[in-house]
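Asks: This is the structure I want to talk about, given as structure tokens.
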């Protein structure tokens, strides 16, 4: 009789624990939509215009927006960003392998190499080269017009960048905003207006 009560109690405890674990599993936020046309995407390709430890002037990344407003960041090399953006490399940020440069009408994907120009009056790596005695290259002039702080754009230029989601240079912009910025950078009229924003 005691064994029967013990087993009955043990089974009750196991059932309670099992139902509790089902509740925890049900709280998982990875909800995948149904249907053949939809592809679940939680990461996006993007970048920020902040120097990094290896001397780079831009950080390329996969960005996952989180419900609390923060972001999970997986850093990429520029080459990996490019391969994933054109759909030539498997990517959490481009699961359908679409050529995002074509989608956003970017004619020269290498425009990503000019992102530093939005922040600096001249390439800081060029300044180091000048210091070491290398020749000066006018192509390494940036678009920032801030003479008092040469590593920051003017307030008027920051207003332009805010349209693309850049409030601070540590901010990552991603998905459509990132590629719209790259598209704008190819437009000589946009570049002229940016350079003339004092």
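Asks: Taking segment 54-85 as the search range and keeping residues that are in a loop (DSSP other than H, G, I, E, B) and in contact with a helix residue (DSSP H, G or I) (Cβ under 6 Å, 6 or more places away or on another chain), which one is nearest to residue 123 (Cα to Cα)?
Replies: It comes out as 57.
Asks: Name the residues in segment 137-175 that are under 14 Å from residue 47 (Cα atoms), surrounded by fewer than 16 Cβ atoms within 10 Å (Cβ to Cβ) and in contact (Cβ under 8 Å) with a residue 24 or more places away in the chain, would you?
Replies: If the condition is that a residue be under 14 Å from residue 47 (Cα atoms), surrounded by fewer than 16 Cβ atoms within 10 Å (Cβ to Cβ) and in contact (Cβ under 8 Å) with a residue 24 or more places away in the chain, then 170 is the only one that fits.
Each value in this text was obtained by applying a stated rule to the coordinates, not by laboratory testing. What you are looking at is a predicted structure, and each value in this text was computed from that prediction instead of being measured. When we count neighbours, we look across all protein chains shown, and the Cβ atoms used for this are built from the backbone with ideal geometry, even at glycine.
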